[in-house]
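Before any comments, here is the structure.
The values are calculated or read from the model by the stated rules, or taken from the named source; none is laboratory data. In this text the structure is predicted, and so the values were computed from the model without any measurement. Glycine also receives a Cβ, built like all others from the backbone with ideal geometry; neighbour counts cover every protein chain displayed.
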């Protein structure tokens, strides 16, 4: 099978650190077809020497690289490096690359939360480079586009935070809801738990089953709270309950807020907020977005409801956790950082059925 | 294969009207193994003549009946008749059976809502027997046990209403939450949509997918509101959002309410409310009930949380929509009506994995 | 969201008849991103007036067409028309389009079987245009490439026949197995049954379940037999058993044949047969292709085994039934008919996980 | 919730070694409701101290035991001990229990294969007690009932071997097929892989996917071959290909054999073979058994076909791998060993849908 035809343009040389998880294979799927990218290196301490396509057979004939042992010199020869590593790696390794002029996009949580002690509480480890936290730009393009363009270090948002923030932000920016009592009831496919051998995500455990988890507290709570509070201009009160649903990909956030009396046309508010956004689709009034309608696509589909004409607004927000919730958004950020058209390489149409 | 051994006791002669749906086959599965029941007749206009076990091969060797055309005389010879029909049938046919001394348990919605005009709005048809609505007893045993014992006509609760009411009622009866702003975010397996040929519930449409539906209004809303308002002693405000999740059986209700300042030990409140109840399991503090833990069982498992010590209480309530949410609860009602031990025939253990 | 950028080349104007099924939406997904195609018209008698993207939300922002009533004049203005209709439609409507110089690719079965009485037996209707059957070219590019290039009417192969023929043909062409006793044990995802409201393909029926069907005889049997016999140079004996497996997309064919004593390096035979083929991937010896490794891709992955060194060869062949088994292969045929590079528009990478 | 009411009869005291896997929880589900059983002890080295119901919430209120550390004295106080351990444990620990008069049923593979060197090749370890292999009785009741009644040590058959042997044995015993070229194409749900944390059985890997595995050789091959050869009276030739299908429970074996010319009424042959068998259901001619029709039940459903009237017979055989393929069959063996009615405690009806 043939490689994507090379275009007659300079290519961005890309490195990936830690590409053996689902975020990694999804980055590879998208970058292998990205017309402006040259895949330079992909590292994995545990799988060095294994051809990428031996682990991920969908990439056979399309990605010829093998995983290599971590190699700072080789990574430093890249224009941009994606960290698709567990939490706590990028904070130790990014500085050296940044110093050598490499741009860095971290798909883990190391640089997402500005309040370092708060981060340390939720992630259970001391932070290795608090200074970089301050320098990092939060990579939610719809609300941070200009800062991302100039960024050297981007903190790619979490999957739940992407779906929840895009859903709530129009309401909070417009100041039409009670910011003190937000509810985010979120449902995630199992790939959100990563490609780790664990009992509770076995098919025989997670199929034909539904459950909430981490109700007492989930690490994405402070990240969402930080983003929403910034837009609201004050601390928000948020109850966030994640659930595991028996599907592979997809997040569906069902968001509840209390209207504060201001008369507002919610449909117009959402359509205006996201007018011109290539990756947010405000659906017609009365719609119910399905996660499969964004399967494999870098799209967030949103619908806004006011059931029974009451004072509760219900927002439905659906993304593919591995694309708009991870790899696709990371490439969107890369496109912005390198001045490419925003949709380059991430305009694939969702696979339905 | 052999029939369940007959016990040396009088048996209740049971008829089923409309047994070709999932509620019907589940009634048959449970009744065929019920030691005090004799299955007398099962009717289906469309499938008269078809052996039940030809449609439902799990019943081969266990149910020898064939579907017969509707036959009031034969039904009148039963002690109790279950209506597993679409909405609008039982309200036309129950009166004649009741007049002949047969007890009736309707698994559809015809007798659930006391406010007949409200029922007519939601169900889009005139009610054929408003007088029976007044006479019917709502069959939620945990909150209506004594009335059920003496009932001649039982309105078996809907699946969502069972999960939501059992979850919210302790809070409302204790008066510790703001009854004006309840949120019920509910997720159902696909069998809840019934055994009807429809595109949106095909495996190729509903698998690996998640969506909300009927956000503007669902027929179970007035039923839930009626039950919660009765317990609260005042009209409640409820936002109810149902979702379709890619599994066969199970409902998971995630319930949100605002505590009103009263100091209350939520765990104790729930444990006391359901102490001695054979079919409600209050799990230890910190638990997350899974729908599979009740798959095939007549159990509602509940956990109560107060995330981050805030003023929002989160209740998790899981049932099998076809058992505690339909056929199992109907048999529980039958056991009560006939003075049998409550757990007779419905004490099967959930199938896990 | 933006349309795929127009390339500076003449485009092929495409029409689709009957685009409301899974083959239709998959054609649309692929054609909407095909750089040399202009979607001209898509017809549906039942859904005329409905925007395509209202039925298939994955196409929102990418396909602006609405379904229109069948309209021969408008179709005649196309360069090529795909029939994604039920069996029995194209045989009535293709002739008029062909007469007007339009090329036709039928994704149904109307032109696949050269023996018209045989076709009529299996499909239960008289054939409306036997002359076109003779003229039609069977669109399996790997074995019919040159004829397809010059074809005006292509019969696109069935999904099972694609997987089975690509798997068996190297053995039969080499004459190394007993052609009289072939076994094809095939497993299909549920989308193969189409987007029709039927009980047996509901999620609640087909999930967590596995069954064979049509063991006495399936319509794809004569199609497979015809293709294999042509390659073998004699009538083959084939037992073909299809099964329904609880997944959305994918066919896995497990093929059994008895080696006839000739010494042969099976791995080399397969690699040579498919060397240079862009859409057949012969995996390394010892491999087990997974259907997900071709999910959404126009690829057939094949592995060949000789268990325990015995005289039975086992071939494993995996495709996406909607892509290589339908829409993707149809576009491959179109590319050949119009002299485009074969992989144009169908080089997407499979979605894994 | 209440315990199953004690019957007024002597109970069999049961111990389980290694109950933390799927075979263990299924034994517990069935034994907890078995009217003649008293659960005495369940051991687990790794989870000693954990209440069984904390690991398996379906057992809350029904099993009060906690896992205990292995304890030969306590086990020796039981009437029968089930080993639900990995391969290689029972062969070390059974002898001591047998010496103390305890009966032993091993659900692993330690005593299934009479040819010890063959066992050692396939299982990759030396056998610790070859003498017990000779003494052990293979626990397939339909073909070994009398020996099981008198057994002190039973080797419970594997899941694939149960489905394949029950399907093939009537043909081989009647001598109507070519025993040299049998094909068993088998499909298993994921619970067959056990409750072990492994990547390839994660939901995100195994859902919406289908693949063969172990085509070069699977450990159940020698076990099946041994059983079939004994019935055939000569060594059989068998190609056995297992597949992983995205469901939780169930095995479907599709079996192919060549008829040898003898005229035989296959339907009558199967019905006669299994007449009176409580756990084998020969379905009517033309049937296709579904795995869900035996979900949770100790039943094997079989259909026999002769497609197109040719000389290939196709047998379809479906079981629940955890019940008839493991725990249910083990209890059937226990019932036989203790003189109970065979169906006691294992007459539950399959859960459908």
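Find the residue count for segment B:26-63, including only residues that are within 7 Å of another protein chain (Cβ to nearest Cβ) and closer than 19 Å to residue B:75 by Cβ.
Of the residues in segment B:26-63, 1 are within 7 Å of another protein chain (Cβ to nearest Cβ) and closer than 19 Å to residue B:75 by Cβ.
Report yes if some residue within segment D:82-96 is more than 21 Å from residue D:326 (Cα to Cα) and at pLDDT below 95; otherwise report no.
No, because not a single residue in segment D:82-96 is more than 21 Å from residue D:326 (Cα to Cα) and at pLDDT below 95.
Name the residues in segment D:1-23 that are modelled with pLDDT under 95, away from chain B (no Cβ under 14 Å) and under 25 Å from residue D:49 (Cβ atoms), would you?
Listed by number, the list holds a single entry, D:18.
Going by the conditions given, is residue D:74 more than 18 Å from the chain's Cα centre (by Cα), within 25 Å of residue D:248 (Cα to Cα) and not in a loop (DSSP other than H, G, I, E, B)?
Criteria not met by residue D:74.
Take segment C:275-285 and flag every residue that is in a loop (DSSP other than H, G, I, E, B) and either facing chain A (nearest Cβ under 10 Å) or farther than 24 Å from residue D:241 by Cβ (or both).
C:275, C:276, C:277, C:278, C:279, C:283, C:284, listed by residue number.
For segment A:47-100: of the residues being out of contact with any strand residue (DSSP E or B) (no Cβ under 9 Å at 6 or more places or on another chain) and in contact (Cβ under 8 Å) with a residue 40 or more places away in the chain, which is farthest from residue A:148 (Cα to Cα)?
A:62
Take the residues in segment C:233-265 that are within 18 Å of residue C:178 (Cβ to Cβ), crowded, with 21+ Cβ neighbours inside 10 Å and more than 9 Å from chain D (Cβ to nearest Cβ), then tell me which one is farthest from the chain's Cα centre (by Cα).
Among those that are within 18 Å of residue C:178 (Cβ to Cβ), crowded, with 21+ Cβ neighbours inside 10 Å and more than 9 Å from chain D (Cβ to nearest Cβ), it is C:257.
Among the residues of segment C:47-56, count how many are assigned to a helix (DSSP H, G or I) and surrounded by fewer than 22 Cβ atoms within 10 Å (Cβ to Cβ).
So in segment C:47-56, the residues assigned to a helix (DSSP H, G or I) come out as C:52-55.
Then drop every residue that is not surrounded by fewer than 22 Cβ atoms within 10 Å (Cβ to Cβ), which leaves C:53-55.
Residues in segment C:47-56 being assigned to a helix (DSSP H, G or I) and surrounded by fewer than 22 Cβ atoms within 10 Å (Cβ to Cβ): 3 in total.
So which residues in segment D:204-221 are facing another protein chain (nearest Cβ under 7 Å), more than 26 Å from residue C:248 (Cβ to Cβ) and crowded, with 19+ Cβ neighbours inside 10 Å, if there are any at all?
None; the set is empty.
Checking the structure you have, find out if any residue of segment B:333-345 is assigned to a helix (DSSP H, G or I), within 21 Å of residue B:251 (Cβ to Cβ), more than 10 Å from every other protein chain (Cβ to nearest Cβ) and within 17 Å of the chain's Cα centre (by Cα).
yes
Matching residues to (1) closer than 17 Å to residue B:226 by Cβ; (2) within 22 Å of the chain's Cα centre (by Cα):
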{"site": "B:56", "(1), (2)": "no, yes"}
{"site": "B:66", "(1), (2)": "no, no"}
{"site": "B:88", "(1), (2)": "no, yes"}
{"site": "B:102", "(1), (2)": "no, yes"}
{"site": "B:108", "(1), (2)": "yes, yes"}
{"site": "B:131", "(1), (2)": "no, no"}
{"site": "B:136", "(1), (2)": "yes, yes"}
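Mind checking which residues of segment B:207-223 are in contact with a strand residue (DSSP E or B) (Cβ under 6 Å, 6 or more places away or on another chain) and outside any loop (DSSP other than H, G, I, E, B)?
B:211, B:212, B:221
Go through segment B:222-232 and give me each residue that's within 13 Å of chain A (Cβ to nearest Cβ) and free of Cβ contacts under 8 Å to residues at least 60 places away in the same chain.
Within segment B:222-232, just B:225 meets the criteria.
Please specify each residue of segment C:171-198 satisfying the condition of being farther than 28 Å from residue C:248 by Cβ, surrounded by fewer than 22 Cβ atoms within 10 Å (Cβ to Cβ) and touching a strand residue (DSSP E or B) at 6+ places or on another chain (Cβ under 8 Å).
Going through segment C:171-198, the residues farther than 28 Å from residue C:248 by Cβ turn out to be C:171-182.
From what's left, surrounded by fewer than 22 Cβ atoms within 10 Å (Cβ to Cβ): C:173-176, C:178, C:180-181.
If the condition is that a residue be farther than 28 Å from residue C:248 by Cβ, surrounded by fewer than 22 Cβ atoms within 10 Å (Cβ to Cβ) and touching a strand residue (DSSP E or B) at 6+ places or on another chain (Cβ under 8 Å), then C:176, C:178, C:181 are the ones that fit.
Restrict the check to segment B:166-182 and report whether at least one residue is more than 10 Å from chain A (Cβ to nearest Cβ) and within 23 Å of residue A:208 (Cβ to Cβ).
yes
Hey, can you tell me all the residues within segment D:208-243 that are in contact with a helix residue (DSSP H, G or I) (Cβ under 6 Å, 6 or more places away or on another chain) and over 19 Å from residue C:305 (Cα atoms)?
Once the filter is applied, which keeps residues that are in contact with a helix residue (DSSP H, G or I) (Cβ under 6 Å, 6 or more places away or on another chain) and over 19 Å from residue C:305 (Cα atoms), segment D:208-243 yields D:209, D:223, D:224, D:227, D:228, D:231, D:232, D:235, D:236.
What's the number of the only condition in (1) crowded, with 22+ Cβ neighbours inside 10 Å; (2) farther than 26 Å from residue B:314 by Cα; (3) more than 10 Å from every other protein chain (Cβ to nearest Cβ) that residue A:271 fails to meet?
Against the list (1) crowded, with 22+ Cβ neighbours inside 10 Å; (2) farther than 26 Å from residue B:314 by Cα; (3) more than 10 Å from every other protein chain (Cβ to nearest Cβ), residue A:271 comes up short only on (1).
Taking into account only those residues within segment A:286-319 that are out of contact with any strand residue (DSSP E or B) (no Cβ under 8 Å at 6 or more places or on another chain) and outside any helix (DSSP H, G or I), which is nearest to the other protein chains (Cβ to nearest Cβ)?
A:296
Please specify each residue of segment D:320-332 satisfying the condition of being farther than 30 Å from residue D:176 by Cβ and either surrounded by fewer than 24 Cβ atoms within 10 Å (Cβ to Cβ) or away from every other protein chain (no Cβ under 13 Å) (or both).
Those that are farther than 30 Å from residue D:176 by Cβ and either surrounded by fewer than 24 Cβ atoms within 10 Å (Cβ to Cβ) or away from every other protein chain (no Cβ under 13 Å) (or both): D:330, D:331.
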